[in-house]
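**Student:** Here's a structure for you.
Quick note: the coordinates plus some simple rules give every number you see, no bench work behind them. As the structure is a prediction and not an experimental result, all values here were calculated from the model.
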Amino acid sequence: MKCVAFDEKQVEVSKIVCVGRNYVDHIAELNNEIPAEPVIFIKPNSAISHNLLLHPVDQVHYESEITFLIMKGTIAGVGLGLDLTKREVQDRLKSKGLPWERAKSFDNSAVFSKFIPVAFDLSTLRLELFIDGVLAQQGGYELMMYKPDVLVAEISRFLSFEDGDLLMTGTPKGVGPLAAGSVLTGRLFSDDSLLIECRWPVEAS
C-alpha cells in the first residue's frame with residue numbers, strides 16, 4: 001500500500017475521496033452545471049505518486065486542492081494535493097454520461113505534499129499554486145460551496161472512511177495542461193501564515 005507523510009510518520013491510504021465542482025468559478029470555466037449536492041468520486045491507492053508525471057499518451061491537466069487526512073472519522077491532518085485529470089478523456093466520458101474513472105483514477109493521478117496536524121480554524125485555510133513562478137490558482141475555505149465538515153458528514157452517510165483516507169475538497173479556477181519541464185509550487189496558508197510549501201517538477205513518464 002502506498003503511503004503519505006503525516007506528522008513525521010508514513011500513513012497507509014486506503015482510498016482518496018474526491019469532490020468535484022466545489023468552486024463556482026471553476027464550474028463556470030468548464031461550462032458545468034452547479035450541482036444540487038456534492039459530486040463525489042474515488043481515486044484508488046494505486047493513483048498515489050510522489051512525482052508529478054506526464055502521461056505517455058493523453059494530455060493531463062493539474063487541479064490543486066486542499067486535502068484532508070481522516071482519522072477516526074474526523075479531520076486530523078491537512079496538506080496539498082494535485083488531482084491530475086485527462087481532460088479530453090473526461091469530456092468524452094461526460095458527453096456520453098459515463099463514469100470518470102478512466103480520466104481521474106489512473107496510476108500516478110494523485111500527488112500530495114506532506115500532511116500536518118490540524119491545530120487551527122479550518123475557515124482560515126487557503127491555497128496558492130504557481131507554475132514557473134506565475135500564480136495559476138488560488139482559493140480556499142471561503143470559496144468552497146461545501147465546507148470540509150459538511151463533506152465529511154455527507155460522505156459518511158454512504159461511505160466509511162478508514163484511518164488514513166484522504167479527502168480532496170475540489171479545485172478553484174485556473175486549471176490547465178501540464179508541460180514537461182515546468183515546475184509547480186503549491187503553498188498552503190492559515191490566514192497569512194505559511195503552513196506548507198511543496199515544489200513539483202513536471203516529469204515525462
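**Student:** Treating cross-link reach as a plain straight distance, find the aspartates and glutamates whose alpha-carbon is under 16 Å from the alpha-carbon of K94, omitting any fewer than eight places away in the same chain.
**Tutor:** Counting by Cα, and skipping residues close in sequence, K94 has these aspartates and glutamates nearby: E29, E33.
**Student:** Now for a different question. Once you have a ≥ b ≥ c as the square roots of the Cα gyration tensor eigenvalues for segment 89-137, tell me rounded if a/c is under 1.5, and otherwise prolate or oblate according to whether a/b is larger than b/c. Don't jump to the answer; show the numbers that get you there.
**Tutor:** On the way: a/c = 2.30, a/b = 1.84, b/c = 1.25.
Note, shape of segment 89-137 comes out prolate.
**Student:** Could I ask something else about it? Is the shape of segment 14-68 best called rounded, prolate or oblate, per the rule: a/c under 1.5 gives rounded, else a/b larger than b/c gives prolate, else oblate, with a ≥ b ≥ c the square roots of the Cα gyration tensor eigenvalues? Mind showing how you got there, number by number?
**Tutor:** On the way: a/c = 2.28, a/b = 1.40, b/c = 1.62.
Oblate is the answer for segment 14-68, as a/c is 1.5 or above yet b/c matches or exceeds a/b.
**Student:** Give or take rounding to whole Å, what are the principal axis extents of the alpha carbon atoms in segment 3-203, in descending order?
**Tutor:** 40, 38, 30
**Student:** What is the distance in Å between the Cα centres of segment 6-46 and segment 162-186?
**Tutor:** Result: 10 Å between the Cα centres.
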